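In what follows, a single structure is set out as structure tokens and then discussed.
Read-outs: derived from the displayed coordinates by stated rules, not from any lab. In this text the structure is predicted, and so the values were computed from the model without any measurement. Neighbour counts run over all protein chains shown; Cβ positions are idealised from the backbone, glycine included.
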Amino acid sequence: MTDIDWDELRATAVEAMQRAYAPYSRYKVGAAALVTDGRTVSGCNVENASYGVGLCAECGLVGDLHMTGGGQLVAFVCVNGDGETIMPCGRCRQLLYEHAIPGMLLETVSGIRTIDEVLPDAFGPRDLEGR
Ligand code: THU
């Protein structure tokens, strides 16, 4: 956990950001995460003329996670068009929580945080166990 290369992860997020399709907001986002097996997954935002159905970068990242072998997210970062670290939106914190190891780390605007710090008392898969 201590050997996460945040610079490399951010560089992957910046690469992903360069593929963003954001003609409406003109706000490009790229996301990257380290997976339990050591691989890296990434995604970019993909907007739509029907604004509400646009996809956040995290949506692409989670698709990449499952399409390339599954596993859980260990460390995550997302960046804007200037390569600055940004916070994942509320919906995407929930999306990340579903696929995160307990205590997944995020690089945030206020330093390294855990998923539990950015989404306290989360509703998650365990709440549906036994249903
Ligand atoms: N966006 C993301 O891709 N991820 C986030 O966590 C925050 C917002 C995108 C959605 C939209 O395409 C653009 O940023 C402006 O909101």
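Picking from Val35, Val14, which residue would you name as being more than 11 Å from the ligand (Cβ to nearest atom), surrounded by fewer than 21 Cβ atoms within 10 Å (Cβ to Cβ) and in contact (Cβ under 8 Å) with a residue 40 or more places away in the chain? It would help to see each step written out before you state the result.
On the way: Val35 fails: in contact (Cβ under 8 Å) with a residue 40 or more places away in the chain.
None of the other options fit; the residue is Val14.
Name the residues in the range 84-101 that are closer than 19 Å to Ile4 by Cβ and touching an Asp or Glu at 6+ places or on another chain (Cβ under 8 Å), would you?
Answer for the range 84-101, where residues must be closer than 19 Å to Ile4 by Cβ and touching an Asp or Glu at 6+ places or on another chain (Cβ under 8 Å): Thr85, Pro88, Leu96.
Hey, Tyr27 hits all of (1) of a type in the set (Ser, Thr, Tyr); (2) farther than 28 Å from Gly71 by Cβ; (3) more than 9 Å from the ligand (Cβ to nearest atom) but one; which does it fall short on?
(3)
I want to confirm something. Restricting to the range 71-85 and keeping residues that are part of a loop (DSSP other than H, G, I, E, B), touching a residue at least 60 places away in the same chain (Cβ under 8 Å) and of a type in the set (Gly, Ala, Ser), which single residue is farthest from Ile115 (Cα to Cα)? First the steps, then the outcome.
Step one: filter the range 71-85 for residues part of a loop (DSSP other than H, G, I, E, B), giving 71-72, 80-84.
Okay, now just the ones that are also touching a residue at least 60 places away in the same chain (Cβ under 8 Å), so 80-81, 83.
Subsequent filtering for residues that are of a type in the set (Gly, Ala, Ser) retains 81, 83.
Details: Gly81: 24, Gly83: 21 Å.
Step by step, filter the range 71-85, then rank; the result is Gly81.
Any residue at all in the range 55-70 that's in contact (Cβ under 8 Å) with a residue 24 or more places away in the chain, touching a Phe, Trp or Tyr at 6+ places or on another chain (Cβ under 7 Å) and either more than 9 Å from the ligand (Cβ to nearest atom) or in a helix (DSSP H, G or I) (or both)? Spell out the reasoning first.
Step one: of the range 55-70, the residues in contact (Cβ under 8 Å) with a residue 24 or more places away in the chain are 56-62, 65, 68-69.
Now narrow it down to the ones that are touching a Phe, Trp or Tyr at 6+ places or on another chain (Cβ under 7 Å): none.
Scanning the range 55-70 turns up no residue that is in contact (Cβ under 8 Å) with a residue 24 or more places away in the chain, touching a Phe, Trp or Tyr at 6+ places or on another chain (Cβ under 7 Å) and either more than 9 Å from the ligand (Cβ to nearest atom) or in a helix (DSSP H, G or I) (or both).
Considering the range 111-124 alone, what residues qualify as being surrounded by 10 or more Cβ atoms within 10 Å (Cβ to Cβ) and not in a strand (DSSP E or B)? Break it down stepwise before answering.
So the first thing to find is which residues in the range 111-124 are surrounded by 10 or more Cβ atoms within 10 Å (Cβ to Cβ), and the list is 112-119, 122-124.
If the condition is that a residue be surrounded by 10 or more Cβ atoms within 10 Å (Cβ to Cβ) and not in a strand (DSSP E or B), then Ile115, Asp116, Glu117, Val118, Leu119, Ala122, Phe123, Gly124 are the ones that fit.
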